[in-house]
Structure formats: C-alpha cells, structure tokens
1. In the stretch 38-83, how many residues are surrounded by fewer than 14 Cβ atoms within 10 Å (Cβ to Cβ), within 21 Å of residue 309 (Cα to Cα) and of a type in the set (A, V, I, L, M, F, W, C)?
2. Confirm whether residue 39 is without any contact (Cβ under 8 Å) to a residue 60 or more places away in the chain and outside any helix (DSSP H, G or I).
3. Quick one: would you say residue 89 is in contact with an Asp or Glu (Cβ under 9 Å, 6 or more places away or on another chain) and either surrounded by fewer than 16 Cβ atoms within 10 Å (Cβ to Cβ) or modelled with pLDDT under 90 (or both)?
4. Working carefully through the options 124, 147, find the one that is modelled with pLDDT of 75 or more and not in a strand (DSSP E or B).
5. Anything in the stretch 195-240 that is of a type in the set (Val, Ile, Thr) and at pLDDT 85 or above? List them, or say none.
6. Suppose we keep only residues that are part of a helix (DSSP H, G or I) and under 18 Å from residue 80 (Cα atoms) within the stretch 296-342. Which one would you say is farthest from the chain's Cα centre (by Cα)?
7. What pairs come out if I take residues in the stretch 142-157 that are within 20 Å of residue 202 (Cβ to Cβ) and pair them with residues that are outside any strand (DSSP E or B) and among the small types (Gly, Ala, Ser) whose C-beta lies under 6 Å away, six or more apart or interchain?
8. How many residues are more than 25 Å from residue 322 (Cβ to Cβ) and small (Gly, Ala, Ser) when one looks only at the stretch 133-161?
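The values are calculated or read from the model by the stated rules, or taken from the named source; none is laboratory data. Note that the structure is a prediction, hence the values are computed from the model and not measured. Heads up, the Cβs are rebuilt from the backbone with ideal geometry, glycines too, and the neighbour counts pull from every protein chain shown.
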Amino acid sequence: MSQNKKDREKLILKYVVRLFIDTGNPIGSGFISKQLPMDISAATIRNIMSELEEQGYLRHPHTSAGRVPTDKGYRAYVNDMVDLEELSVQEKTILSSAIREITHKISQIAKGVDDVLFFSSKALADISNELGIILSPRFNLCIFEKLNLIPIAVGRILIELSLRSGFVKNVILEVESNLEHGELPKIEQVLNERLSGLTVAEIRKTIADRLKDLSFTDTQRRHFYRVFLSSSDQLFNFDDKNLLTFAGANNILSKPDFSESNDPFAIIRMLEEKSRFVDLLSEQIEGGGVAVTIGGENDIKDMNGCSIVKANYRLGDVTGTVGVIGPKRMPYGKIIPLVRHTANLLDEALNND
C-alpha cells in the first residue's frame, strides 16, 4: 500500500470517528467530503470507507447507509489521530478549587474525606459531562510512621496514627480507668518500636503476634493493651467503604448511546457494589500518563459499551486513580487532557511539603 493511500485512509478514519463523536449519527461519504480540508470525491471516500470496514475499523449499521467506528477504529483514533484540546481558564479554576479543598482536609480520614472526594469527582463530571470517578489511595499499603497517645478525658485517649505519606487518622479509645502519669509515653514507645516501619496491611495481619509477648503486672496497663488489641481492626482500617467516589450518574444515564444490551444502570449498580470496579481501576498504569480502555478492552462485560480514561495520582508512597467513564463516543480530545490535568493537580497538592 502506498504512503499516499495510507494517509488518505488515516484521514478518512479520523473524520469518521470525529464526526460520529460530534453527531452520534452514522457517517456517510457525502457528509465527509464536505468537511475535509481537501478535495476528495464522495466516490473515492466511499471506497476508502469500504476498505476500512474490511480491515475492521468501521462497521455498517444495517439501518443506515453510513458507517460508525468499531473498538479497533476508536483505538486507532485515540492512539494516533486525536487532537488534544487545551482546558479553559474556567475549567482549570473549577478543578483547582476542588483540589485545594482536598488538600485542606486530607488529614481528616474518619469523617468528611468522602465529601471532599465527591466534590472533586463532581468537578470532573461537570466539566466532562460524563461520569467522574476518584479512587482514593490504598492507605493499607502505606508505611506506618508512628502513633501518639493523648489523654483527653477520664477514660478516653485520643490515638493519632501517622502514615509516612503524611496522612493522619484520629481515633478516640475508651478505657475503663486512667493510666498513671507517665505511663502513656512508655506504652507509646513500646507500640512504636513494634509497629513503626510496617505497612498498615502488615500490622492488621500480624499485630496480635507482635504484641503477644507483652505482659505486665500493672492492671491498668494490661487493660489498655487488651483494649488496643481488640480495637486494632478499627484503628488500622484506612481503606473503608468510601474507597471509590463517583458523581455525574445523570450524565451517563441520559446518554443516547446506551441500548438494552449496554445498560447504563448496570454500570451504576457495579459502581455502587464497588469491589469489581475498584479492582479494574487499581491496575497500575505503565509509565504513568493517561490510560484509555475502550469497549471490549474492559475486562468487565458491563463496561464493554464504555470507555474509561484514567490516570494515577500519588500520595507519598501510594497511588490513587482519577478518571472519567462515558460511552465509546466520548470527546477524547477533551477528556484526556482533563484527566491528566486533574491527576497532576492532585500530585502537586498532596505531595507539597
């Protein structure tokens, strides 16, 4: 095949995909001929489209004379043809405001962080007109730095748990009686010696073994260790039900692209169940940057009618994921820079020492 023919095929495929994204209607040769920046006859375009169909880049809906892209066609477009857009000043401002809110509250893991992540995913949804998603960092993989024990009232101790990433969790532990003055720093030292430097996941798995040889004649100290150990699942549970946050469900439910075989409600149900989708989003993106999975490239059948544009952001030594879900007919030229910019903002904000 001559280079000139390859270039023409590439040009025609680019215009079919781009025009189909814009209009949602099957694209005919006559329509393309009016859009091209050069003079190519409708008959020539029609022949090229037939060849692209034979190669698997286009398909021909039986109800229309026009053609639409296949997954292979979308993939070629995203890899080599899409024109990336610059985000507007207003769009960048909306994202920056949401990210600053995350940074302001990032140490408050117990309550409120789900709201913060929701506002960020909502900003993505509002700008993209698709479904905005944020997967929080997997804090169970973080290195545990230290804990501080702070008496706040009779029988109540504030436990401040710090991760090496800079994340802090505060939990109030109820104990039956006050420890004598000077006892808490000693307990704090012992616990830090045993637990510091381990991942949160390692602590959750082995904490009973690591503390089992501690024995004290002092009743109050023995009681504290017993309560601490029995509460360890709660204390070291950093990955909770709010791991995945999404917004913009109405955006995706209103898309005309979804048919009975491509049910948007199935996608929403899957997101609410979370576990399957968390696994899908947690896959590391090689070399950083933005990853796009299209249609059948998604391992989950319910996602075969969708595209996912995602990027990792970093918090210390762990990563989270930010992304957009929409139909395959999404404006990739806008969504890819949007997701990249959001991930970069999170990176800068959450790792700004």
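1. Adding up the residues that qualify gives 0.
2. On the way: without any contact (Cβ under 8 Å) to a residue 60 or more places away in the chain: yes; outside any helix (DSSP H, G or I): yes.
Yes: the conditions hold for residue 39.
3. So residue 89 does not fit the description; no.
4. On the way: 147 fails: not in a strand (DSSP E or B).
Residue meeting the stated conditions: 124.
5. From the stretch 195-240, those of a type in the set (Val, Ile, Thr) are 199-200, 203, 206-207, 217, 219, 227; that's our starting set.
Hits for the stretch 195-240 are 199, 200, 203, 206, 207, 227.
6. As a first pass, look at the stretch 296-342 and keep what is part of a helix (DSSP H, G or I): 296-297, 301-303, 332-342.
Keeping just the survivors that are under 18 Å from residue 80 (Cα atoms) gives 297, 332-337, 340.
On the way: 297: 17, 332: 17, 333: 19, 334: 17, 335: 14, 336: 13, 337: 15, 340: 12 Å.
Result: 333.
7. Matching pairs, first to second residue: 142/165; 146/196.
8. Applying the first criterion (more than 25 Å from residue 322 (Cβ to Cβ)) to the stretch 133-161 yields 144-161.
Next cut, small (Gly, Ala, Ser) only: 153, 155.
Residues meeting the conditions: 2.
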